[in-house]
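Inspection log for the structure reproduced underneath, given as structure tokens.
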Amino acid sequence: MLEELYRGVCSNSPPVARMNFVNAELTKLSVNTFVTTKISYANMLAEVCESVPGADADVVSAAIGLDTRIGRKYLKGALGYGGPCFPRDNAAFSSFARQHEVEATLAEATDQVNRRQVARLGDQILGLLRDGEPAGVLGLSYKPDTAVIDESQGVMLAQYLLAAQRRVVVYDPAAMENARHVLKSGSLTFAPSMEACAAEAAVLAVVTPWTQFTVLRPDHLRKSGRRPVLIDCWRILRRAEFEPVADYLTCGQGPALANEDKLLFTSMGS
């Protein structure tokens, strides 16, 4: 009966695995634990690439994703995972393993990598802000096309910056109302639009890869004060369009290769 119900709402013909309820529960937790491990690996790779001249996490992940043992899905270094399922199920798997005196080291490391992503981006923003300047956060839902903010990187980033006594302006196409229930500070502004958020922020971070944010233009950015900073976490904007008017930064890309570095790699290759 359950199989018939599922097939009635699936547009494809998914395989059905029949098992007892113990294995079914373990399978459900294991799927999400494995996917989150893949996400955290991509974020770890992005951190490494940011420190290596000439490195680009997108180039590396695209190449290793061609290996059929790995695949491309969820292999994009940017920010941590969120939502009502991934963080919960990864923690549940670790807890279940400990109850049975098994060390779920990989699942626990996945969670640790994920938890430091907000601080990693937050510290970068704090290092770029000057006294009194506002930071902008575009994206409060945990992923595009939803109003859900559970474990949202955008919401946690805003909280991190507010805890550091910084002014913050935020915008999201769908999650503003939900965010109002958890983000309450006199230093916080809920912008009426993407353009208004961008125009106010001295440092603007695109945190959730909403399609609506891909139409952000250079003339939307702050015009008063010093040159603004744009942090395009998911690489959804075109660097060449923004570099003339802003300092364009992103996750997963190292500094440009110096001439001597290029010569070194050439000689190593030969």
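Worth a mention:
- Count of residues meeting criterion [in contact (Cβ under 8 Å) with a residue 24 or more places away in the chain and surrounded by fewer than 20 Cβ atoms within 10 Å (Cβ to Cβ)] in region 174-187: 6
- Of all residues in region 224-234 being open to solvent by 40 Å² or more (accessible area, probe 1.4 Å) and in contact (Cβ under 8 Å) with a residue 60 or more places away in the chain, the one that is farthest from the chain's Cα centre (by Cα): Gly225
- Residue match in region 204-221 (condition: farther than 16 Å from Leu79 by Cβ, touching a Cys at 6+ places or on another chain (Cβ under 8 Å) and buried (at least 16 other Cβ atoms within 10 Å of the Cβ)): no
- Within region 30-50, being β-branched (Val, Ile, Thr) and buried (at least 20 other Cβ atoms within 10 Å of the Cβ) holds for Thr33, Thr36, Ile39.
- Pair list, Cβ < 7 Å and 6+ apart or interchain, from region 151-171 residues that are acidic (Asp, Glu) to residues that are part of a loop (DSSP other than H, G, I, E, B) and buried (at least 21 other Cβ atoms within 10 Å of the Cβ): Glu151/Gly82; Glu151/Tyr142
- For first residues located in region 20-47 and closer than 15 Å to Gly82 by Cα and in contact (Cβ under 8 Å) with a residue 24 or more places away in the chain, partners that are in a helix (DSSP H, G or I) and open to solvent by 60 Å² or more (accessible area, probe 1.4 Å) and lie 6+ apart or on another chain with Cβ distances below 6 Å do not occur.
- Of residues in region 68-116 being of a type in the set (Asp, Glu) and open to solvent by less than 50 Å² (accessible area, probe 1.4 Å), the one nearest to the chain's Cα centre (by Cα): Asp111
- Residues that are crowded, with 19+ Cβ neighbours inside 10 Å and β-branched (Val, Ile, Thr), drawn from region 235-260: Thr250
- Here Ser13, Ser61 are screened, and the one residue that is exposed (fewer than 15 other Cβ atoms within 10 Å of the Cβ) and either out of contact with any helix residue (DSSP H, G or I) (no Cβ under 7 Å at 6 or more places or on another chain) or under 30 Å from Gly254 (Cβ atoms) (or both) is Ser13.
The values are calculated or read from the model by the stated rules, or taken from the named source; none is laboratory data. Keep in mind that this is a model prediction, so the values were computed, not measured. Cβ: placed from backbone, ideal geometry, glycine included. Neighbour counts: every protein chain shown. These accessible areas exclude ligands, DNA and RNA; they are computed on the full protein's heavy atoms, side chains included. Shrake-Rupley method; radii C 1.70, N 1.55, O 1.52, S 1.80 Å.
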